[in-house]
1. Apply the Karplus parameterisation 6.51 cos²θ - 1.76 cosθ + 1.60, with θ equal to phi minus 60°, to every residue of the range 149-156 and state each ³J(HN,Hα) to the nearest whole Hz, in sequence, with x for glycine and proline.
2. State whether the range 21-82 is rounded, prolate or oblate according to the following rule on the C-alpha gyration tensor (a ≥ b ≥ c being the square roots of its eigenvalues): a/c under 1.5 gives rounded; otherwise a/b larger than b/c gives prolate, and the remaining case gives oblate.
3. Which shape class applies to the range 94-159: rounded if a/c is under 1.5, otherwise prolate when a/b exceeds b/c and oblate if not, where a ≥ b ≥ c are the square roots of the Cα gyration tensor eigenvalues?
4. Relative contact order of the range 19-86: what whole-number percent is it, with Cα pairs under 8 angstrom and at least 6 residues apart?
5. If I model a spin label as a point 7 Å beyond the Cα along the Cα-Cβ vector, how far apart are those points for ALA140 and ARG84 in nm?
6. So if R0 is 22 Å, what FRET efficiency would ALA46 and ALA67 give, r being the distance between their Cβ atoms, rounded to the nearest 0.05?
7. With contacts defined as alpha carbon pairs under 8 Å and 6 or more residues apart, what's the relative contact order of the range 94-159 in percent?
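Derivation of every value follows stated rules applied to the coordinates shown; laboratory data play no part. Fair warning: this is a prediction, and the values are worked out from it, not measured in the lab. Neighbour counts run over all protein chains shown; Cβ positions are idealised from the backbone, glycine included.
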Amino acid sequence: MNENRSTPSAVDKRPRWGRMRFGDRRLSALWIAIPAGALVSSALAAVVVATGGGGPQPVVGAAVIVALTLGPCIGFAWVAVVDRSTLRGAAEQPEQSVESRWFERATSGALTDTLLIVGLGTATLAFTRVEVPTLIALSAVLMIAMGSVAVRYLAEQRRG
């Protein structure tokens with residue numbers, strides 16, 4: 001059997017979880033992310049328990065809150081401290097990727113769509129004197145914008 005094995009590139013030698021710069025040294029990003037996430041998660045639990053949201057057994061309530069928020073808090077802390085260039089498989093310049101160009105075109109077109117639809121909708125409501133609650137109107141604007149971006153992004157993706 002003749003297998004074609006490629007040699008590992010420099011990208012493959014980078015650590016899976018990335019590193020952060022700390023002065024002149026580079027430390028694993030998890031060394032900061034885990035304690036920071038645990039601290040933020042504990043603070044959230046303390047705030048919830050202090051405001052009476054911990055239930056009849058505050059210690060159990062705090063433990064549940066910490067258990068539910070620990071993972072996301074560690075994740076957010078990791079994203080905040082990791083040096084992107086140290087991640088295995090990370091694109092060197094993600095802002096120049098095909099997907100980012102698709103997204104840029106989709107969002108710029110969606111702005112035009114949103115302005116047009118909201119302008120026509122506002123004019124229609126003004127002439128018909130129909131009153132719409134603010135929450136519904138703002139939700140509609142948000143849904144129009146999000147829907148337009150999604151449709152335009154998929155269209156850009158199909159075009160290639």
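1. 4, 4, 5, 5, 5, 4, 5, 5
2. Prolate shape, in that a/c is at least 1.5 and a/b is the bigger ratio.
3. Working: a/c = 3.64, a/b = 2.84, b/c = 1.28.
Prolate is the answer for the range 94-159, as a/c is 1.5 or above and a/b outweighs b/c.
4. Taking the mean separation of contacting Cα pairs over the length of the range 19-86, I get 45 percent.
5. 3.8
6. Values: r = 15 Å, r/R0 = 0.66.
Plugging the Cβ-Cβ distance into 1/(1 + (r/R0)^6) gives 0.90.
7. 59
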